[in-house]
Amino acid sequence: MKILTLHCDYIKFKPVKEAIKGAEKTEKKETIERECLVVLTTVEENDNEELVEKLVENIKEIASKVKCKKIVLYPYAHLSSRLARPEIASKILEKTEKALKKHFDVKKAPFGWYKEFELKCKGHPLAELSREITPEEKKEKLRKIILDKSKLSPQDHRILGSRLDLFSFNEVSPGCVFWHPKGVILRNLLINFWRKEHEKEGYKEISTPQLMSKKLWKISGHWDYYKENMFLTSAANEEFALKPMNCPGAILLFKLKPRSYKELPLRFAELGIVHRKELSGVLAGMFRVWQITQDDAHIFCTEEQLEEEIMNIIRLIQRIYCVFGFSYRIELSTMPKEHIGTKEKWTAAEKALQNALKKLKLEFKLNPGEGAFYGPKIDFHIKDSQGREWQCATIQVDFFMPEKFELKYTGKDNKQHTVKIIHRTIFGSIERFIGILTEHYNGAFPLWLSPVQIRVLSFTKRNVETAKKIAERLKQEGFRIETDFEDVTLDYKIREAELQKIPYIVVIGDKEEKTNTLAVRPRNKKPEFGIKLEDFIKKLKEQTEIKKLL
């Protein structure tokens, strides 16, 4: 049995069409429930009524953490491909509903129907929790992940990643990416770009351990509120967890020694690998994974420095998104009903975020009450070439962690003050961002980001030696080169290079040898003849200068 719980402002659903024979009798009317815990539930093969008690206990535990008294039990088959028979699933859900009603106000969505639904999930870290509820003997069994490519668009990053030999997935490590050599080049190019831009802005890159003690996660609150989504282990009679977030590691480095106002703002950036449990049924290529490389940064500053630091972050986000051709919209989310800290602190933080946006003359949508419980935030929603939106960059002002970890600095008055933390990401995660980019460009990456920039082809066997010299010269100039000197037709070689979406194809034939020129075929364009090698190199270098794209 699998569940995905969503702490929602509201859920609105309406039965549309019966999905199975013997579907639960219901009226085709719209239902709306507010301030509720939505429990998307999938009953799997081999599940039985004995699991109801465990399911109810899990729901009670989560509901207590988010302080929710209303439950919406929502049959949702899409969390698994191993579904129980409808009559069994229906019986288990009915029994669960009856048991929950002893403790909560419960509404069950009709079983056996195709339903349209809309919901608004709250913005705090506990808004979304997934769990697997199984008999003890099944816990150690590895579930095979099968990707049905027939249901995917040709532009899906999983299809392109396989076809372009960039990355793949394997059942032995569900939710984790296997990077192929070309994928590693792409990943490193993106990371190197990220590093250079952060160096310009005065960030200091750090790297903190993936495995940390329960002691740390108890202080941060993750052990009590996020434990079910963490990967746990033990050693030397102590419990550990793979980190689900980078924040505590950066905080420990800040606490390593006494800090003065003269050191602030202190900007720590980290490409930290984090792990978060997700149900196998909701894993989706690079978009929903267990292992995530977050491009985190934590800025430790005074309250007076908040506004300027936020403006600097926004400028950096704008500059980076511009390189990829992304347009975006901005949302500002303010104090929710359930929050920590005083109203005065929230007002100051919200004012800093709002003033930064106004001074930069940026339009934004205000989301009252939608901030995280520990502070307000700005979110950037980028739009890709297909018109889809993705929430990637975020800027969050945090009251919670500085107080939890007693983060202090010595001020000008020689007194101790609590530092402010700004959490922020730009890509969100390297994996997800590369998935977005792959679909955004449909695999046709710009020259500077292409794992292979040029493929050099020989027209005939006679031209191989000259083609080798051309390829070697281009390599020496720092370009990423592939060659194809096979004794097959030129049309076949060109078609193979085009399928790999390589930006430039260079052909060397008798005419090119005689005139000491190149035949160059830019991606998706007609070939150009009589191109001098030096002119081609100059053109390539101009196109790969990132500073001209910024």
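Rule-based calculations on the coordinates, nothing more; no lab input. Note that this is a predicted model, so its numbers are computed, not measured. Here the Cβ is made from the backbone with ideal geometry for all residues, glycine too, and neighbour counts use every protein chain on show.
Data for the structure
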{"quantity": "Distance violations [Cα-Cα > 30 Å] among 182/511; 70/115; 122/361; 107/383; 29/365; 98/214", "calculated": "182/511; 107/383; 29/365; 98/214"}
{"quantity": "Phi to ³J(HN,Hα) by Karplus 6.51 cos²θ - 1.76 cosθ + 1.60 over region 336-352, Hz, x for Gly, Pro", "calculated": "x, 4, 9, 7, 10, x, 7, 4, 4, 5, 4, 4, 5, 5, 4, 5, 4"}
{"quantity": "Convex hull volume per residue in cubic angstrom - Cα atoms of region 447-548", "calculated": "91"}
{"quantity": "Chain lengthening between residue 538 and residue 32 when straightened (0.36 nm per residue, less Cα-Cα)", "calculated": "175.9 nm"}
{"quantity": "Dipole moment magnitude, nearest 20 debye, region 2-138 about Cα centre, only Lys, Arg, Asp, Glu C-beta charged", "calculated": "540"}
{"quantity": "Cβ-based net charge around residue 16, under 10 Å, with every Lys or Arg adding one and every Asp or Glu removing one", "calculated": "+2"}
{"quantity": "Charge dipole magnitude, Cβ of K and R +1, D and E -1 - region 342-495, Cα centre, debye nearest 20", "calculated": "540"}
{"quantity": "Candidates per GluC sites (Glu not before Pro) in region 14-122, loop by DSSP, up to 13 other Cβ within 10 Å", "calculated": "27, 30, 45, 49, 50"}
{"quantity": "Label of the coordinate-derived value, volume of the Cα convex hull per residue in Å³, listed as (i) 216; (ii) 165; (iii) 196", "calculated": "(iii)"}
{"quantity": "Under the Karplus curve 6.51 cos²θ - 1.76 cosθ + 1.60, θ = phi - 60°, whole-Hz ³J(HN,Hα) for region 410-427, x wherever Gly or Pro sits", "calculated": "8, x, 4, 7, 6, 9, 8, 10, 7, 6, 9, 10, 10, 8, 7, 10, 10, 6"}
{"quantity": "Pairwise FRET efficiency - residue 388 versus residue 414, Cβ, R0 = 41 Å, nearest 0.05", "calculated": "0.15"}
{"quantity": "Taking the chain and dividing mean pair separation by its residue count, relative contact order in percent (alpha carbons under 8 Å, at least six apart)", "calculated": "11"}
{"quantity": "Region 447-548, relative contact order in percent, only Cα pairs under 8 angstrom and at least six apart counted", "calculated": "30"}
{"quantity": "Listed residues 40, 109, 258: farthest to the positive end of the dipole of the chain (Cβ charges)", "calculated": "258"}
{"quantity": "The chain - mean residue ellipticity at 222 nm from DSSP helices (-39,500 (n - 2.57) per run, n ≥ 4, rounded to 500)", "calculated": "-9500 deg cm²/dmol"}
{"quantity": "Amide H contacts under 5 Å for residue 240, placed H, 5+ residues apart", "calculated": "214, 233, 234, 235"}
{"quantity": "Calculated FRET efficiency for the pair residue 46/residue 20, C-beta based, R₀ 22 Å, to 0.05", "calculated": "0.65"}
{"quantity": "Stretchable slack from residue 496 to residue 358, in nm (0.36 nm times residue separation minus alpha-carbon distance)", "calculated": "44.6 nm"}
{"quantity": "Positive dipole terminus of the chain, leading residue within 172, 410, 347 (C-beta point charges)", "calculated": "347"}
{"quantity": "Net lengthening on full extension, residue 114/residue 531 (0.36 nm per residue, minus Cα-Cα)", "calculated": "144.1 nm"}
{"quantity": "Angle in degrees between helix 181-200 and the longest Cα principal axis of the chain, rounded to the nearest 10", "calculated": "80"}
{"quantity": "Relative exposure of 528, 363, judged by other C-beta atoms within 10 Å (fewest first)", "calculated": "363, 528"}
{"quantity": "Prolate/oblate/rounded label for region 2-138 (Cα gyration tensor, a/c 1.5)", "calculated": "oblate"}
